[in-house]
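A.B. asks: Provided herewith is a single structure, encoded as structure tokens, for subsequent inquiry.
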Amino acid sequence: MINYKILKGRNGEILHAIMNTIIPQGGPFKSGAGDYDLLQTAELILKSFDKITRLIIPMMLKYIQYSSFFKKGKTFTKLSLDKASQYLESMEKSRFYYRRSIIFFLKFLTVSSFFDIDETALQIGYSHGNCFDKKGL
């Protein structure tokens, strides 16, 4: 069992909602982020970053959670999938670099966690451990 430090409590709930919006069930893949516990892998990935980055992650999550209230009238975790998706898209297209950077980073974290699972990696034709020939690098 993993000891959550960065994604414990509300931070985990917010990231879970973001991940479900980025890779929804019934979307382009057979399964969505909600079909797996991606928070464990995400926590491990985040622990590999430097201390400053680890301190910024909760602020990024809270920014998405509460800034959506001003654009959509609800906090992010209360939005429907369509409204949540629209909101994240608006961040991607924002004229403000920091908003684009936040969503880029969270997409990286989501996709890295999702495709770390053998079953999901196979959906794009990737098999873990088989990316190099027998000679290695």
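A.B. asks: In a GNM of the chain with a 10 Å cut-off on Cα contacts, which of I14, I103, I56 has the highest mean-square fluctuation?
C.D. replies: Result: I56 has the largest fluctuation of those listed.
A.B. asks: From the phi angles alone, apply the Karplus equation (6.51, -1.76, 1.60; θ = phi - 60°) to segment 38-53 and give each ³J(HN,Hα) in whole Hz, x where the residue is Gly or Pro.
C.D. replies: Once θ is set to phi - 60°, the couplings for segment 38-53 become 7, 5, 4, 5, 4, 4, 5, 5, 5, 5, 7, 7, 5, 4, 4, 4 Hz.
A.B. asks: Then there's this: Got the relative contact order for the chain handy, in percent, Cα pairs under 8 Å and 6 or more residues apart?
C.D. replies: Here the relative contact order equals 25 percent.
A.B. asks: With the crude spin-label approximation of a point 7 Å out along Cα→Cβ, what separation in nm comes out for D50 versus Y97?
C.D. replies: Taking the simple label geometry, D50 and Y97 are separated by 1.7 nm.
A.B. asks: Dipole of segment 10-124, Cα-centred, from +1 at each Lys and Arg C-beta and -1 at each Asp and Glu C-beta, to the nearest 20 debye?
C.D. replies: 800
A.B. asks: State the label only: which of (i) 33, 16, 14; (ii) 27, 18, 15; (iii) 29, 16, 15 corresponds to semi-axes √(5λ) of the Cα gyration tensor in Å computed from the shown model?
C.D. replies: Here the calculated entry is (ii).
A.B. asks: Angle, helix 10-22 long axis vs. longest principal axis of the chain, Cα atoms, 0 to 90°, nearest 10?
C.D. replies: The two axes meet at around 70 degrees.
A.B. asks: I want to verify a result. In a Gaussian network model of the chain, Cα cutoff 10 Å, which of these has the top mean-square fluctuation: Y97, Y36, Y63?
C.D. replies: Most flexible of the set in this elastic network: Y97.
Quick note: the coordinates plus some simple rules give every number you see, no bench work behind them. If you're wondering where the values come from, they're calculated on a predicted model, not measured in any experiment. Note that we place each Cβ from the backbone using ideal geometry, even for glycine, and neighbour counts take in every protein chain shown.
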